[in-house]
1. In whole Å, how far is the Cα centre of the stretch 94-163 from that of the stretch 52-68?
2. Working out 0.36 nm times the residue gap between N445 and D316, then minus their Cα-Cα distance, what length gain in nm do you get to one decimal?
3. Got a number for the accessible area of S181? Probe 1.4 Å, square angstrom, nearest 10.
4. Considering only Cα-Cα distances, which of the following residue pairs are longer than 32 Å: K117/K310; K138/K303; K188/K278; K391/K434; K278/K477; K310/K391?
5. Residue farthest toward the positive end of the dipole of the stretch 389-464, with Cβ of Lys/Arg at +1 and Asp/Glu at -1: which of A399, V417, A450?
6. For E78 and R172, what does the FRET efficiency come to when R0 = 25 Å and r is the distance between their Cβ atoms, rounded to the nearest 0.05?
7. At 1.4 Å probe size, with the rest of the protein present, what percent of the exposed accessible area of the stretch 150-212 is carbon and sulfur atoms?
8. Please work out the FRET efficiency for the pair A189 and E459, using the Cβ-Cβ distance as r and a Förster radius of 51 Å; give the result to the nearest 0.05.
Amino acid sequence: MYIFEHVKMGVHAKRPLSQKALAALATTCKIFYEPAMDLLWSDIDGLLPLLGCITRLQPMIYPTAEEYWFWNIEPLSELERSQFLRHAGRVRNMSVTSHDALHLLRSFQNGISLFPKLRSLSWMVAETRFLRFFLSPKLLNCCIAVVQPDLARHSIGTCCPALEGLDILTMRTEEEAPQLSETISSCKALVRLQCPPLDLDAWEHLSTVSTLLNLSIYQERHSSPAIYQERYSSPSSSLETHNLSFSTFFNVTTLRFCYATIEAVTELIQYSEFPSLKEFELVDRVLPGAELILLLRALSRCKVCNTLEKITISDDGSHFANSDDDSDVEEYTGSSFAVTRELHCFTQLRTLRLYARCSINLDNGLLFEAMSSWPQIRSLSLYDAHRRPPKVTFRGFFAALSQCPYLHTLHVEVDVVNIDINPRAESFQHTSLKNMCFYYSPAVNIEAVARIIYAMLPEVQLPDYVETWSDVNAHLKSLKATSSLPGADGK
């Protein structure tokens, strides 16, 4: 059996053993048969390989199954069910992408699991009538394409008590919400969940699941936001807020919302706490500044200020299709940097990406104030939707950079035209920064900018995909090449 330790390594390698090789190995000797067959049947795509073991169906499937071969085919007989089960018990990972031939399983008794050792299931078909045959007590990960009216009847959590990861990709109508809620509420050991918006009963149930670490609420981009606002995941006019119980998600470390309305997310967060949260992500069609400030204030009250390490807030960029038109960009009437100031309280941030519809309008003082609040920051991207000349100068940029010794990626807009620093007179160097983007202007002094980067940011690589920086990049490479020559001072 020591041989099969190497065989298993080969199966999981970039160039795994072929099915023919495993089949040949199984016929080599009796000792090799069982472990080789286990590996051969471990991962399958659909039912066709197993149905191909049934004598009656072999002429229809091999050498190549014709389209609609399964029409008018009777379900499996008692003998054929035995042939099917002969290898079904070896399957560990399975993907079902077509409902073709699923009706052949109707002759199996309800309540039986055809794949008792199945660990991972991807169910990419619209109907769930036959899902019950694939639910294994050992199932750890399950992905379901669409919520169906009969989904809750399968009681996934009861049939699969060990289930750790569950992905439910879409819910087509509001009427399916109870099915989704009941399905989620049946799961008691989830570690990771991605699903459409939940009602309050399911949300409160998840707060009792102590194993839950990763929670993603995903609404399809083109589905109606009115559905979300009306019923899911937030107290609204249809739900009495005074009846809500406050929910604490003690162990959740990652929380994501995609294409759920920012108002609904804010209202939900106001009734929740996440004392272990490390990562928060919000993606929506449009993220206006006023609503974003309310969300950040709610988030700061969830006991995450000393735990949160990554924040990603972005809209999908569709309204920036015309990058020269910023007429729809919101100017928040308060402080020009109000949105980012709400982030100062998250003192343990390692990564911050803010890409929203509002204007940030940075200057030297505001950038220094922000970066002083995040001494552990590694990656920082602050996108200003307004296309206007930046106010941050090189002097202000380096002053702020000195507050973040671990920073390796920085995307802010810096004025590279009005240069206010002499690199020969400065001793400061930031050796951790490797990736950054500058605001480009045709009036840029190529040589001066290249010398500043060379002297003070020795590890920085300007992005190759920005063609307008090709001249600066070329000059920078020339400086580095010159400095490597014997006797050159590089300056």
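The values are calculated or read from the model by the stated rules, or taken from the named source; none is laboratory data. Nothing here was measured: the structure is a model prediction, and the numbers come from that model. Please note: Cβ atoms are built from the backbone with ideal geometry, for glycine as well, and neighbour counts cover all protein chains shown. These accessible areas exclude ligands, DNA and RNA; they are computed on the full protein's heavy atoms, side chains included. Shrake-Rupley method; radii C 1.70, N 1.55, O 1.52, S 1.80 Å.
1. Between the Cα centre of the stretch 94-163 and that of the stretch 52-68, the gap is 23 Å.
2. 43.0 nm
3. 10 Å²
4. Violating the 32 Å Cα-Cα cut-off are K117/K310; K138/K303; K278/K477.
5. Of the listed residues, the answer is A399.
6. Calculated transfer efficiency: 0.10.
7. Exposed carbon and sulfur together represent 51 percent of the surface.
8. E between A189 and E459, to the nearest 0.05, is 0.70.
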